[in-house]
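Worksheet: one structure, shown below.
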Amino acid sequence: MTSLTPGANTAGADQLGAGGFAVSDIERERREYRRSRKQRSILVSIASTLVFAGVIAIVLINSPGWDRVKDTFFDPAVAVESFPRIITGLWLNVQVLVVAVIGVAIFGTLLAVARTLKGAVFTPIRLLAAGYTDVFRGIPVLLVLYLVGFGIPGLELTGRMPAQFWGGIAIVLCYSAYVAEVLRAGIDAVHPSQRLAARSLGLSHGKTLRLVVLPQAVRKVTPALMNDFVSMMKDVGLISALGAVDAIRAAQIEVASAYNFTPYVVAGVLFVLLALPFVRLTDWVTARQQRREQIGGAV
């Protein structure tokens, strides 16, 4: 039997585990088995993906209208010619996205806190926050863009503002409702003992919320928040409906001038490249959180 004491000189103790204890032969066999299964799964995944991609490519290339579709949607010359204007428009999307993320983070947090306030005196605030989230989660983003982009300027309360300004406000109004509900779920998921412990240490309600509850709530709902961020990244392209010359509008202009749909494909690829790092980051955060929650559960 393999000794589990530190520094044991046995055949099965050539690999040390956590805490400096020798790993038994059985545990080493389990690790080797899991490693081989993982390698096999990776190879099978790569092979199946290549086969699937090959089948799709063969079907597309051999379809009767492939030549016409290739010339209309995948023209390299049109793609190269339209790329500078589309990438310039994408920079406008990025600017609106950065401002919208900051606005959503602040306004969404305030809404989530308002919905979790206790006490009868805060009932009007809770009802107002609940009504806001219900309304803006139910109205399509495009409709909010029209109402904000064309309705508010009609009141003539401010001077002439660019279309991306009103588009950013509409994005903040919509996604603050989504983020507020996600944060509220995270706040409610924090065990009440955390609040009681913080208050017993002399922290006020505000400090308890800011230093104890919100950090844990954000950690619990980080994957969901990042998914909302990816969705917002795509919906920022809707500001073109207000006339802003972003990547979508620039692609539309190029399509009208070249009578070719390749600029739409270029814009779509750029949006995918913009979102891909955050999608992978979301998957990594989700997997890491799942591993942390399942520590000790693997057999």
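Read-outs throughout are calculated quantities, based only on the coordinates presented, and are distinct from any laboratory measurement. The structure presented is a predicted model; accordingly, all values stated were derived computationally and were not measured. When we count neighbours, we look across all protein chains shown, and the Cβ atoms used for this are built from the backbone with ideal geometry, even at glycine.
Details
- The Kirkwood hydrodynamic radius of region 150-299, based on inverse pair distances between different Cα atoms, is 19.0 Å.
- Dividing the summed -39500 (n - 2.57) terms of all DSSP H runs of n ≥ 4 by the residue count of the chain sets its mean residue ellipticity at 222 nm at -23500 deg cm²/dmol.
- Its Cα centre serving as origin, region 76-293 has a Cβ charge dipole (Lys and Arg +1, Asp and Glu -1) of approximately 1080 debye.
- For region 70-142, the equivalent ellipsoid derived from the alpha-carbon gyration tensor has semi-axes of 45, 14, 7 Å in decreasing order.
- Net length gained if the chain between Leu128 and Arg291 were fully extended (0.36 nm per residue, minus Cα distance): 54.8 nm
- Orientation-averaged projection of region 100-181 equals 5.8 nm² [convex hull of Cα atoms, one quarter of hull surface area].
- Here's the picture: charge each Lys and Arg Cβ at +1 and each Asp and Glu Cβ at -1 in region 76-293, and of Gly168, Phe107, Gln95 the one pushed furthest to the positive end of that dipole is Phe107.
- Shape of region 39-82, Cα gyration tensor, a/c cut at 1.5: oblate
- Reciprocal of mean inverse Cα separation for the chain (Kirkwood radius, Å): 24.2
- Where the Cα pairs of region 75-234 fall when distances are cut into 10 Å bins, in %: 10, 30, 29, 18, 9, 3, 1
- Sequence ranges 91-100, 207-216, ranked by mean other-Cβ count within 10 angstrom, highest first: 91-100, 207-216
- Mean Cβ neighbour count within 10 Å, used as a protection proxy, ranking 121-134, 250-263 highest first: 250-263, 121-134
- Three-way shape call for region 13-113 based on the alpha-carbon gyration tensor, with the a/c threshold at 1.5: oblate
- 19 Å reach of a label modelled at Thr49, 7 Å along Cα-to-Cβ, counting backbone N of region 214-257: none
- Near Leu92, once Lys and Arg are set to +1 and Asp and Glu to -1 for all other residues with Cβ below 14 Å from its Cβ, the sum equals +1.
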